Amino acid sequence: MKYVPPIIALLALLFVSALPQRSVQGASDEVSALPEKPDAPLAVTSTPTPLPQPTDEPAGTATPEPPRIPGRACLRINFEVSGDVAQVGTYEVAEVSGRSLASWDAQDGWQDSGWIYDLEISYDAVYVNVFYHPADGSDSITMAIFNPAPDTEYGWVARGMCHAVEVGWP
């Protein structure tokens with residue numbers, strides 16, 4: 001059962017109490033007006049009215065979450081938690097199977113790729129690695145993940161949500 005804020009419950013009670021009241025005599029008149037055949041179907045309809053829902057948005061976040069996209073994933077490569085910064089080159093996010101998901105061409109000193117949207121991932125959620133490919137063509141480096149999935153060393157991405165993959169230098 002969902003939480004209903006007390007103000008909504010109070011307003012609902014006030015609304016119900018303001019409805020016109022019927023006497024018992026009026027109700028018996030309605031019963032006598034029913035059809036004589038008890039199997040005759042009566043038409044009963046109702047239209048549900050949705051209640052306002054509280055938002056899940058935290059107040060005062062530095063980087064607002066973009067809207068969730070059903071069926072697609074969204075990520076950003078971020079150095080904020082590690083305290084490191086990017087070096088010039090390309091950062092590639094790949095599923096642990098090796099399938100490339102996204103890349104970011106960074107300059108020296110950058111800290112965040114910004115949101116990369118509409119990523120099609122292999123499963124509902126996948127583990128990922130981030131590889132740094134230096135601009136000079138030297139060997140790639142596997143970045144350290146500072147917010148790994150539980151009990152792993154891998155980052156993660158899931159359908160229908162946006163997630164920051166926090167990286168740093170190994």
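crowded, with 16+ Cβ neighbours inside 10 Å, touching a residue at least 24 places away in the same chain (Cβ under 8 Å) and within 19 Å of the chain's Cα centre (by Cα), is that true of Val93? In short, no.
Of the numbered criteria (1) under 20 Å from the mean Cα position of the chain (by Cα); (2) modelled with pLDDT under 95, the one Glu166 fails is (2).
The set of residues in the stretch 92-140 that are closer than 19 Å to Glu166 by Cα and polar (S, T, N, Q) comprises Ser100, Ser103, Gln107, Gln111, Ser113, Asn129, Ser140.
Within the stretch 125-154, the set of residues being among the small types (Gly, Ala, Ser) and either on the phi < 0 side of the Ramachandran plot or in contact with a helix residue (DSSP H, G or I) (Cβ under 8 Å, 6 or more places away or on another chain) (or both) comprises Ala125, Ala135, Ser138, Ser140, Ala144, Ala149. Selection of the stretch 117-162 for residues being touching a Gly at 6+ places or on another chain (Cβ under 8 Å), in a strand (DSSP E or B) and buried (at least 17 other Cβ atoms within 10 Å of the Cβ) yields Tyr127, Val128, Asn129, Val130, Tyr132, Ile145.
The values are calculated or read from the model by the stated rules, or taken from the named source; none is laboratory data. Bear in mind the structure is a predicted one, so any value in this text is a computation, not a measurement. Using ideal geometry, Cβ is built from the backbone for each residue, glycine included, and neighbour counts are taken over all protein chains shown.
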